[in-house]
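So the structure is just underneath, and the comments pick up after that.
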Number of protein chains: 2
Amino acid sequence: MVEAQVDRFFEVLADPTRRQVVQLLGEGPRRAGQLAVATGASSPAMSRHLRILLEAGLIADERVPDDARVRLFHLNPEPVVAVQAWLDQVQAHWRDNLGAFKRHVETREKR
Amino acid sequence: MVEAQVDRFFEVLADPTRRQVVQLLGEGPRRAGQLAVATGASSPAMSRHLRILLEAGLIADERVPDDARVRLFHLNPEPVVAVQAWLDQVQAHWRDNLGAFKRHVETREKR
DNA sequence: ACAATAGTTAACGAATGAGTGAACTATTGC
DNA sequence: GCAATAGTTCACTCATTCGTTAACTATTGT
C-alpha cells in the first residue's frame, strides 16, 4: 500500500458527506439515490462524491441485473485497513511502552 | 467523543504536512523548527499548521525549562484513538462476519 | 412513441485553505 | 545594550473544492 494512496484517502475522507457515504456503505451496498436522500445531498452533488470515492478506490460499483439504470455501490475494505495501518504506525511508539500511554487511555474502554 | 470532533480530525489530517507532523510527533516530542525542517515547510507555514493541530486538540505543547523561546509539541493520544474508533465502526459489519473479510485481511496482522 | 425514472456531466459562482513576504514579540548570549 | 535566535501574526495571492442549475444519456413502463 503506497503512501500516496493513504494521502488520497485522507483527502477524500475529509468531506463529511463522503464520510457519511463510507459509513452507510459499511452497513451494506446502497444505490446513488439512496445515498443522496440519506445524506441530504442533491443528485449531482452525490454523483460527484461517488466519482471521487471511486477514483480514490474507496468504493466500487456493481450493476444490478433487473434495472440497468441503477448502480449499487459498495465499500472496498483495503483503504479502510490502510488508514488504520497508518494510525497504528503513529501509535506504535507510545502503544508499545505500556506505561505512560496505557495509563493514559485505560480510563476509556478501547475496542 | 463527539462526532463533530472526528469531523475536525479528518479535516485536519487531510493536509499532508500536518499528517507528517503527526507522524513525527508519534515518535516523540519535537520543536517547531525541527518540524519545519523535517517537513520542508517554512516557519510561518509550520506555525499555522501547529496552531490548527493545537486547536483541533490533536497535539499539545509544553515549555522547556532551559529555553523559554522553545515550545515542545507532543501528540495527544485521544484523537488518534477516536479516528480509529470511527474506522472500526465502519468495519464492524464485514469484520464480524469472519468469512469474507477475515480471509481478505488475514494476510496482514491486525493488532 | 412518450413520459417518467436514475443518474451523469458541464459551466458557473462562492467559499475555503495553503503558502509567501514582511513585520512583530520574546528570549538568549555577548 | 545589541545582535541573533525562535517563533508568531498579518495581509495578500493563488488554487482547489463544493454546491447549484441546466442540459444530457440511458433505461423502464404504458
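The values are calculated or read from the model by the stated rules, or taken from the named source; none is laboratory data. In this text, all values refer to a predicted model and were calculated from it rather than measured experimentally. Here the Cβ is made from the backbone with ideal geometry for all residues, glycine too, and neighbour counts use every protein chain on show. Please note that ligands, DNA and RNA were not included when accessible areas were found on the heavy atoms of the full protein model with its side chains. Shrake-Rupley method; radii C 1.70, N 1.55, O 1.52, S 1.80 Å.
Counting C-alpha atoms alone, how compact is the protein assembly as shown: give Rg to one decimal and Dmax as a whole number, in angstrom.
Using the Cα atoms of the protein assembly as shown, the pair Rg, Dmax is 19.3, 73 Å.
Going from the alpha-carbon gyration tensor of segment A:3-55, what semi-axes, largest first and in whole Å, does one get by taking the root of 5 times each eigenvalue?
Output for segment A:3-55: semi-axes of 19, 12, 9 Å.
As I understand it, the value is the acute angle between the Cα axis of helix B:16-27 and the longest principal axis of the Cα atoms of chain B; what does it come to in degrees, rounded to 10?
Between helix and principal axis, roughly 90 degrees.
Do any trypsin sites (Lys or Arg not before Pro) in segment A:1-69 lie in a loop, going by DSSP, with at most 14 other beta-carbon atoms within 10 Å of their beta carbon, and if so which?
Here the trypsin sites (Lys or Arg not before Pro) that fit, given the DSSP loop and packing criteria, are A:Arg69.
Averaging over all projection directions, find the projected area of the Cα convex hull of chain A and quote it in nm² with one decimal place.
Reported value for the Cα convex hull: 8.7 nm².
Please give the helix B:77-96 orientation as an angle from the longest Cα principal axis of chain B, in degrees from 0 to 90, rounded to the nearest 10.
Helix B:77-96 sits at roughly 10 degrees to that axis.
What average count of beta carbons from other chains do you get within 10 Å of the Cβ of residues in B:13-24?
3
Where only protein heavy atoms count, and the probe is 1.4 Å, what is the accessible area per residue for chain A in Å²?
Accessible area per residue: 55 Å².
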